[in-house]
1. Restricting attention to the stretch B:44-70, which residues are in contact (Cβ under 8 Å) with a residue 40 or more places away in the chain and more than 7 Å from every other protein chain (Cβ to nearest Cβ)?
2. Among the residues of the stretch B:103-150, what is the count of those that are part of a loop (DSSP other than H, G, I, E, B), free of Cβ contacts under 8 Å to residues at least 12 places away in the same chain and more than 8 Å from chain A (Cβ to nearest Cβ)?
3. Mind checking whether some residue in the stretch B:143-160 is surrounded by 14 or more Cβ atoms within 10 Å (Cβ to Cβ), modelled with pLDDT of 90 or more, within 21 Å of residue B:75 (Cα to Cα) and out of contact with any strand residue (DSSP E or B) (no Cβ under 6 Å at 6 or more places or on another chain)?
4. Just one of A:61, A:39, A:17, A:3 is more than 30 Å from residue A:77 (Cβ to Cβ) and in contact (Cβ under 8 Å) with a residue 12 or more places away in the chain; which is it?
5. Only one residue in B:58, B:62 is closer than 14 Å to residue B:141 by Cβ and modelled with pLDDT under 90, so which one is that?
6. Can you confirm whether residue B:85 is in contact with a helix residue (DSSP H, G or I) (Cβ under 6 Å, 6 or more places away or on another chain), facing chain A (nearest Cβ under 10 Å) and at pLDDT below 90?
């Protein structure tokens, strides 16, 4: 099919498209529909994490203060002393705050993409950047939170009737979070790559094809 | 009428008048009816979200092409391994009785078949070219130089011509 034939077929298609036309009220309904795009799903996920993280920080700080002021209400007194519980709550609050910061950065970038008015090349560049950022921050969040929770579980189990010393049990307290953190990061990276790897590679190729000699 | 309602009705009127652009994007990038409906809704939604950033520096149609093509290119749906696009939609249509309609369907079918050989960016350029959008506007919509638009068009023509030779 040469270009002239394509053009004449295109004109036929234009006539055919008149059958697809929708009424104004259908357009209006679409304005407030739910987006099914991947970036919107990521954004909703970030939004959910944002709310959960904010609530968790407030809870963790409140518990740290309450445990200190009134040791009797320490919710972790069956495993931790008052001081240990306070440290635990503060570390959790700080870690979650860091995760919140990552999520916020990714969220803002996506928000910008969704409201921008850029040409195809620049939009693609920003879109890939936003997707990669959201995926990366998701991996960082997991690599931060998971080892901390595991470390404290281990600490509660291994040091219930014991104190810290220069032995393997104490060394594990340092080795464990690093190992779990790295493993968690690698597992997340594998999952994300499986889910979005080919898609992002294709978008990268499109972008490269626009950047060459543009 | 509130400011938002005013803006909304103004937007709906403009989009409704130029909705052919969205339908063309959907026809070119979707391989079944459900996908086409989803993409249509997605484009409308994205147009509405970015409408406040449309300052009227470019034509409304150029802006619609830009947003519509951006959404279609970023669409995540896995492409089905189908020989060529849109046969499904042609299949569900009423059978054409007249030879005139048959010929029309065949030619549109051949168009889909040819365009399905192109990647998403090439499809975008091809669509704009077939819609007789000036080179200057194509360059602005895609974000490349006018010279590169010509280079791209030559490559697309060669690709289509090679495909005909192979077949």
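1. Start the filter on the stretch B:44-70 by keeping residues that are in contact (Cβ under 8 Å) with a residue 40 or more places away in the chain, which leaves B:51, B:58-62, B:64-66, B:68-69.
Within the stretch B:44-70, B:51, B:58, B:59, B:60, B:61, B:62, B:64, B:65, B:68 meet the criteria.
2. Step one: filter the stretch B:103-150 for residues part of a loop (DSSP other than H, G, I, E, B), giving B:116-119, B:131-134, B:143-145.
Adding the requirement that they be free of Cβ contacts under 8 Å to residues at least 12 places away in the same chain leaves B:119, B:132, B:134, B:143-145.
Okay, now just the ones that are also more than 8 Å from chain A (Cβ to nearest Cβ), so B:132, B:134.
Qualifying residue count for the region: 2.
3. yes
4. Working: A:61 fails: more than 30 Å from residue A:77 (Cβ to Cβ); A:17 fails: in contact (Cβ under 8 Å) with a residue 12 or more places away in the chain; A:3 fails: in contact (Cβ under 8 Å) with a residue 12 or more places away in the chain.
Going through A:61, A:39, A:17, A:3 in turn, the sole match is A:39.
5. Working: B:62 fails: modelled with pLDDT under 90.
The unique qualifying residue is B:58.
6. Answer is no for this residue.
For (1) at pLDDT 90 or above; (2) surrounded by 19 or more Cβ atoms within 10 Å (Cβ to Cβ); (3) within 20 Å of the chain's Cα centre (by Cα); (4) assigned to a helix (DSSP H, G or I), each residue gets a yes or a no:
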position: B:14; (1), (2), (3), (4): yes, no, yes, yes
position: B:22; (1), (2), (3), (4): yes, yes, yes, yes
position: B:35; (1), (2), (3), (4): no, no, yes, yes
position: B:42; (1), (2), (3), (4): yes, yes, yes, yes
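To keep it simple, each residue is scored yes or no on (1) free of Cβ contacts under 8 Å to residues at least 24 places away in the same chain; (2) crowded, with 17+ Cβ neighbours inside 10 Å; (3) within 14 Å of chain B (Cβ to nearest Cβ).
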| residue | (1), (2), (3) |
| --- | --- |
| A:92 | no, yes, no |
| A:105 | no, no, no |
| A:122 | yes, no, yes |
| A:127 | no, yes, yes |
| A:133 | no, yes, no |
| A:142 | no, yes, no |
| A:151 | no, yes, no |
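The values are calculated or read from the model by the stated rules, or taken from the named source; none is laboratory data. Note that the structure is predicted; figures quoted are calculated from it, not measured. As a convention, Cβ positions derive from the backbone with ideal geometry for all residues, glycine included, and neighbour counts pool all protein chains shown.
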